[in-house]
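Presented below is the structure to which this report refers.
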Amino acid sequence: MSGPQCCSNPPTLNPNAGAGHVEQLGGLSTYVSGSPNSKLAILLITDGFGYEAPILRKLADKVAASGFYVVVPDFFHGEPFVLDNANRPIQVWSKDHGPDKGFEEAKPVIEALKSKGVSAVGAAGFCWGAKVVVELAKTELIQAAVLLHPSLVTLDDIKGVKVPIAVLGAEIDRNSPPALLKQFEEVLAAKSEVDGFVKIFPKVEHGWTIRYSVEDAAAVKSAEEAHQNLLEWFAKYVK
């Protein structure tokens, strides 16, 4: 979350959205979906609008329907970014909710999953969440990563990745413009020990995979294509 494009098209939050439920996991309130008996888990790390976004929960349910146990923790402890709160502009909010803190809080979530018998974990991050996921991808904590319209992710981050990683970016994105994504692609191509994939979706903007209008058929189509790419990546590497 950095800059105005990060904050456009905010979702209407709904604590009751989705087919799953909220429980405590690794010390965080977490939306969970899918069979808790699955040995394969997917951790979805949200943008700054948090884990009550209906479209994000719908995606969690879709991933769960493919056989994964999906968890979406509330890394913001009940305080997602609110666009029209003049007292908490993005710069102020971000000081209390840095991705470095999210990275540390993700560790006990992953530990909790493994204590339940999970043998492999994939992680996908959206905007702010992509920075958390790329930090996880530099460790042995996860088996695969997907970054969707990432914010704050640098070339050095990509150079440090140790697990298969897919980067799904937007043609119109000031946070991760196509020129930067092309550099990500070049770095990953040179890392023979790590499988990488970079795709730039045409005519879409930052946030398009989870902050689209359901009435916009073209937007839905692009988002669903990205969701399918995410599913295919995890099906290949989280097993």
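Rolling a 1.4 Å sphere over the protein heavy atoms, what is the accessible area per residue of the chain, to the nearest Å²?
42 Å²
If you find the alpha carbon centre of segment 113-154 and of segment 213-227, how far apart are they in angstrom?
23 Å
Only sites in a loop by DSSP and with at most 15 other Cβ atoms within 10 Å count here; which GluC sites (Glu not before Pro) in segment 135-239 make the cut?
Those that pass, being in a loop and sparsely packed, are E140, E193, E215.
With semi-axes √(5λ) of the Cα gyration tensor in Å as the read-out, I listed (i) 34, 21, 16; (ii) 29, 24, 14; (iii) 23, 22, 18; which label goes with the value calculated from this structure?
Evaluating semi-axes √(5λ) of the Cα gyration tensor in Å on these atoms matches (iii).
Put D195, D84 in order of accessible area, largest first, 1.4 Å probe: what do you get?
The residues order as D84, D195, largest area first.
Enumerate the aspartates and glutamates that K159 could reach by cross-link, defined here as Cα to Cα under 19 Å, with residues fewer than 8 away along the same chain left out.
D100, E135, E140, E185, E186, E193, D195
Per DSSP H run of at least 4 residues, take -39500 (n - 2.57); add these up for the chain, divide by its residues and hand me the 222 nm value, nearest 500 deg cm²/dmol.
After summing the helix terms and dividing by the residues of the chain, the value is -10500 deg cm²/dmol.
Using 32 Å as the Cα-Cα cut-off, could you pick out the over-long pairs in K95/K162; K58/K138; K114/K221; K62/K162; K101/K239?
Flagged as over cut-off: K114/K221.
Could you tell me the relative contact order of the chain? Use alpha-carbon pairs under 8 Å, at least six residues apart, and round to a whole percent.
18 percent
Please report the accessible area of H21 (heavy atoms, 1.4 Å probe, ligands and nucleic acids excluded) in Å², nearest 10.
Rounded to the nearest 10, that gives 100 Å².
The values are calculated or read from the model by the stated rules, or taken from the named source; none is laboratory data. As the structure is a computational prediction, the values presented were derived from the model and not from experiment. Note that we place each Cβ from the backbone using ideal geometry, even for glycine, and neighbour counts take in every protein chain shown. Side chains are part of the model used for accessible areas, which takes the heavy atoms of the whole protein and leaves out ligands, DNA and RNA. Shrake-Rupley method; radii C 1.70, N 1.55, O 1.52, S 1.80 Å.
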